[in-house]
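**Student:** If you scroll down you'll find the structure; I have some questions about it.
Bear in mind these aren't lab numbers, they're just calculated from the coordinates by the rules spelled out. The shown structure was predicted, so the numbers you read here are calculated from the model rather than taken from an experiment. Here Cβ is always computed from backbone atoms with ideal geometry, including for glycine, and neighbour counts include all displayed protein chains.
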Amino acid sequence: MKPTSTTSERPYAVVFPDASWGNTLFSDQLSPIAAKHPVRWVTNNPQRALAGAPSNVTAISTDELHHMDWSQATAFVLHPCWAATVLPLRPRLLGAWTSGSAGEDQLEASWRGRLAGEASFVLTLSEPYYLDLSFRRDNVFVLDGADETSDWFASQAGLWAADGTDPLPLCRLQRQRREAAYRERLSETGGSSTLMFYRSVYLYLLGDAVGAERELLGAFEQAVLQGDEHALDGIYRFRSALLASQGKLESAVQAYEATAITAVERANAEELRRRLVHGERSLVTVMLLRLNDDHREAASRLERLLNELIVDTGESIVPMDGDKSADQMLSAESKWKVEEVHAGELGRSKHEQAAQAMTARRLLIDSLLQAGCVRRASQWFESNTIQTARDRTDYELLQGTALLLNGSRREAILSFLRATELRQDAIGALTELALLDAAVKRLADGGTATLK
Amino acid sequence: MQSLRKASGNKLTAMMQVRNECGRYLEASLAQLSDVVDEIVIVDDASTDGTPELCRSFPKVVRLVELRRPLFGEEWKLRSLLWETAVSTEPDWLLAIDADEFLERRTIRRIRELIDQDQYDWAALRMYDFWGSLTHYRDDLWWNLHRRHTMMLVRYLPGFHYAYPRWDHHVPRLPITCAALPGLRSELRAKHFGWAGDEENQRAKYNRYKQLDPDGRWGNIDQYESILDPAPNLIRWVEEE
């Protein structure tokens, strides 16, 4: 049953298009929304952009966007180049709609990732991208025509959002339906490595790690029998995440180590073992999740871990003086008030806990960036912990992007300029801004746009 | 917590399933293995000829499971039992070998090199089918196992998912999932004496295959028929030291 909207005023939908009404990739999904709700279409050229559109789809210019009451609006953003335009407006709900990743260049993919990370929910037409995103965030929907019931949930998500209701409850229902569809296909066709692997992934996303492991091992056996060269790293490695999420960390580390072939992977395995021996179970868990690309769960656990390490006064246990080495940190104990984090991690020295917190913060920022959550990542990045020019450049670029997404364009540009002073190639951020502006102009004119 | 892969000091355990092996090659096989491996684990598939007693006479046989009811018709169960028994002795590496198989002397000399490293988790050898004698091996359309590699050595990785296909016959000697791990295809050789007996012995084996698998469900009918080939292509074996 759909939750009731919390607002008494009638919500409305604003579409940030990928093309004109007649050429949008999402006409099938927009039509039912337009049939039930007034839709505002962002364009500076209504004649071109809205040719053939129903009467309740009306234009709103880019200049008018800042005069709307966004607390009652749901934004449907159909192109990633709108990200820096729409995010500062802070609509009540923001849906990022995307076909998938085919044919995109790196820059466009980067902005698509940021939009997906910052949106309230995401709808995609591609299952691989849907699963990829499901490991980065919640509230993702897929509409791929593979299953009628699954598609219905995705369509409902759009309608709920247009009505001002967060579609999150539908996300789990759609996952359950898709898992069931794989189960049905497997019972009809017998063992298939690919189908079993997908089912395992869905079970994991639904929180059934035990069932997911059972299915994964079946997929692994089938893959080996079929001579799949990636059976070990492409399928079996996922077992380490499944075991970690069950709290079976020793087995999880062993599962990862069995798949560790390259020098980097073996170094990862060595680090996992070392940290496990030192009792750093929380960090080992998130490292395993990250090694399996589950940045969603990793970020969630890291935020909890770091919040537990915050001192009573609100200070973090990371050093306030970022220039100090780890040894110096030890002598500055008066600055710390370290809380015990984990029953298994009792008795650790403050120095070790400080080092653990610094690692956790670094991993959290990376996982948030992998998830496209630029603004959240920037909040965890502390300028006083920066030690190298490269770190400083990355910091300025990150802050600049976060400022841009918050609507502070001039401050963002100043941040990018500071980054350019430190590293010449950071000028790319300013070039990117110009490309975005040009793309938005084309989209608002009723055309299409790429960042290539 | 130790690394799964040790580059030195690995314990090598031979694993073998046997059934009514007295008077054949078992004694010689165990004698050779006793010089090569650290421990031997055996599952006896309900022998009636005193095979278990012979096994027990070798001190390196650290575990011997004696089945009362044969599992020959459900080979995957037999293989799985042998595997579980072998890994329960905490080996670092396992050598899967039959009672009628022998390692060439050069292989014996170099076997520790194969296992005392941390780069790969299995090693495959070339297996030669000796035919009608211990001096020649067979090499033709149906008998060319030596042209491929046979996985015989695997590192035991605790916690790894080891599984055999649930087949009644012709089950691989080692869990199929080992093949996903990095391995080495070696040119070192092993000898299979199962067909080295006389014509009467070969016909008896032919009859047994035809009885067990009359439709060629588990093997190849043409290969079964080739057992009776009156003039197989035989090549003289030259042992490498």
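**Student:** Using θ = phi - 60° and the Karplus curve 6.51 cos²θ - 1.76 cosθ + 1.60, what whole-Hz ³J(HN,Hα) does each residue of segment B:8-23 get, with Gly and Pro shown as x?
**Tutor:** Values, residue by residue: 7, x, 7, 8, 9, 10, 8, 10, 8, 10, 10, 7, 6, 9, 4, x Hz.
**Student:** Expressed as an acute angle from 0 to 90° and rounded to the nearest 10, what is the orientation of the C-alpha long axis of helix B:26-36 relative to the principal long axis of chain B?
**Tutor:** That helix lies at roughly 30 degrees to the long axis.
**Student:** Going by amide H atoms built from the backbone, whose H comes under 5 Å of the H on A:LEU123, apart from near neighbours?
**Tutor:** Correct list: A:ALA96, A:TRP97, A:THR98, A:PHE141.
**Student:** If you don't mind, another one. Tell me, what is the FRET efficiency for A:THR388 and A:ARG442 to the nearest 0.05, using R0 = 30 angstrom and their Cβ-Cβ distance as r?
**Tutor:** Step by step, r from the Cβ atoms, then E = 0.15.
**Student:** Among DSSP beta bridges lying fully in the protein assembly as shown, give the percent that are antiparallel, nearest 5.
**Tutor:** About 25 percent, rounded to the nearest 5.
**Student:** Can you work out the base-10 log of I(q)/I(0) for segment A:190-291 at q = 0.10, 0.11, 0.16, 0.22 1/Å, using the Debye formula on its C-alpha atoms alone?
**Tutor:** -0.26, -0.32, -0.65, -1.09
**Student:** Give the residue from A:LEU404, A:SER367, B:SER34 lying farthest towards the positive end of the charge dipole for the protein assembly as shown; charges sit on Cβ (+1 for Lys and Arg, -1 for Asp and Glu) and the dipole is referred to the Cα centre.
**Tutor:** In the protein assembly as shown, that residue is A:LEU404.
**Student:** Right, something else. Using unit Cβ charges (K, R positive; D, E negative) and no other charged atoms, how large, in debye to the nearest 20, is the dipole of segment A:190-291 about its Cα centre?
**Tutor:** For segment A:190-291, the charge dipole is close to 300 debye.
**Student:** Kirkwood hydrodynamic radius, computed over distinct alpha-carbon pairs, for chain B: how many Å, to one decimal?
**Tutor:** Roughly 18.6 Å, rounded to one decimal.
**Student:** Of all the C-alpha pairs in the protein assembly as shown, what % are more than 50 Å from each other?
**Tutor:** Result: 33 percent of Cα pairs exceed 50 Å.
**Student:** Counting each pair of different Cα atoms once, what's the Kirkwood radius of segment A:1-143 in Å, rounded to one decimal?
**Tutor:** Taking every pair of different Cα atoms in segment A:1-143, averaging 1/r and inverting gives 15.6 Å.
**Student:** Provide a whole-number value for the mean count of partner chain Cβ atoms within 10 Å of the Cβ atoms in peptide A:242-254.
**Tutor:** Mean partner shielding for this stretch: 1.
**Student:** Please list, ordered by chain and number, the residues whose modelled amide H lies under 5 Å from the amide H of A:VAL14; skip anything fewer than 5 residues away on the same chain.
**Tutor:** A:ARG40, A:THR74, A:ALA75, A:PHE76
**Student:** Then there's this: Give, to the nearest whole percent, the P(r) tail of segment B:1-133 beyond 22 angstrom, counting all Cα pairs.
**Tutor:** 39 percent
**Student:** Right, here's the next one. Looking only at other chains, what is the average number of their beta-carbon atoms within 10 angstrom of each beta-carbon in B:151-163?
**Tutor:** 3
**Student:** Could you pull the Cα extents of segment B:93-215 along its three principal axes, largest to smallest, in whole Å?
**Tutor:** 46, 35, 24
**Student:** Sort out for me the Cα centre separation of segment B:48-124 from segment B:209-227, rounded to whole Å.
**Tutor:** Computed from Cα coordinates, the inter-centre distance equals 27 Å.
**Student:** Work from the charge dipole of chain A (Cβ charges, +1 for Lys and Arg, -1 for Asp and Glu, about the Cα centre) and give the residue of A:TYR129, A:GLY52, A:VAL142 farthest towards its positive end.
**Tutor:** A:GLY52
**Student:** Let's see if you can work this out: charge +1 on each Lys and Arg Cβ, -1 on each Asp and Glu Cβ, no other charges. What is the dipole magnitude of chain A about its Cα centre, in debye to the nearest 20?
**Tutor:** Roughly 600 debye for chain A.
**Student:** Whole-Hz Karplus ³J(HN,Hα) for segment A:49-55, in order, using 6.51 cos²θ - 1.76 cosθ + 1.60 and θ = phi - 60°, x for Gly and Pro?
**Tutor:** Rounded to whole hertz, the list is 6, 10, 4, x, 7, x, 5.
**Student:** Now for a separate question. Determine, from the Cβ-Cβ distance of B:GLU53 and B:ARG147 and an R0 of 51 Å, the FRET efficiency 1/(1 + (r/R0)^6), rounded to the nearest 0.05.
**Tutor:** 0.85
**Student:** Using amide H atoms built in the peptide plane, which far-off residues or other-chain residues are under 5 Å from B:HIS169 H to H?
**Tutor:** Result for B:HIS169 returns B:GLU75.
**Student:** Rounded to the nearest 500 deg cm²/dmol, what is the calculated helix-only ellipticity per residue at 222 nm for chain A, with -39500 (n - 2.57) per DSSP H run of length n ≥ 4?
**Tutor:** -17000 deg cm²/dmol
**Student:** Another one. As a test of the definition: which semi-axes, in Å, follow for segment B:24-90 when you take the square root of five times each eigenvalue of its alpha carbon gyration tensor? Largest first, please.
**Tutor:** Each semi-axis is the square root of five times an eigenvalue, giving 19, 15, 10 Å.
**Student:** Next question. If I stretch the segment between B:ARG63 and B:ALA204 completely, what's the gain in nm (0.36 nm per residue apart, minus their alpha carbon distance), one decimal?
**Tutor:** Extra length available between B:ARG63 and B:ALA204 comes to 47.6 nm.
**Student:** Which of A:LEU232, A:TYR12, A:PHE153 sits farthest toward the positive end of the charge dipole of chain A, with +1 on the Cβ of Lys and Arg and -1 on the Cβ of Asp and Glu?
**Tutor:** A:TYR12
**Student:** Tell me, what HN-Hα J-couplings in whole Hz come from the Karplus equation 6.51 cos²θ - 1.76 cosθ + 1.60 at θ = phi - 60° for each residue of segment B:202-215, using x for Gly and Pro?
**Tutor:** So the J values, rounded to whole Hz, are 5, 5, 4, 5, 4, 4, 5, 4, 5, 6, 6, 9, x, 9.
**Student:** Separation between the A:ALA146 and A:ARG362 pseudo-spin-labels, each 7 Å from Cα along Cα→Cβ, expressed in nm?
**Tutor:** Label at A:ALA146, label at A:ARG362, 3.7 nm between them.
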